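Down below is the structure, laid out as structure tokens.
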Amino acid sequence: FLCCDNTLKTLFRTQDLFEYLHEKLVSCCKTVSRTEVNDPITGYWIQNYNAPCVRAVIFETEKGLFCSYHKQPWVRRKIQQFE
């Protein structure tokens, strides 16, 4: 399957970037999980409470983002392993 000229490819990339940034900047964790993330972690950040967003550690994996309860012992271990 061949697709598109360079302009259309750039538009697709721009749309992908927009959707990625929108998810990162607009979405937030409104609930958290206590279940350990077992997929390889590619990044993480800490979300502070700001209703409706709850305090969470957000782990990023190839499969997506996981909102985790910050007080779980395994969360601290994952952060330490990542650093």
Problem - Order of PHE82, PHE59 under a 10 Å beta carbon neighbour criterion, fewest first - result: PHE82, PHE59
Handout entry: Estimated distance in nm for a label pair at THR61 and TRP45, the labels positioned 7 Å out from Cα along Cα-to-Cβ
Key = 2.0 nm
Handout entry: 19 Å reach of a label modelled at THR35, 7 Å along Cα-to-Cβ, counting backbone N of region 41-76
Key = 41-42, 56-76
Completion exercise
Summed over the other residues with a beta carbon less than 12 angstrom from that of ILE41, with K and R at +1 and D and E at -1, the charge totals -2
Handout entry: Which of TRP74, TRP45 has the fewest Cβ neighbours within 10 Å, and the rest in rising order
Key = TRP45, TRP74
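Coordinate-derived values only; no laboratory data. Treat the numbers as computed from the prediction; the structure is a model and nothing was measured. In this analysis, Cβ positions are derived from the backbone assuming ideal geometry, glycine residues included, and neighbour counts consider all displayed protein chains.
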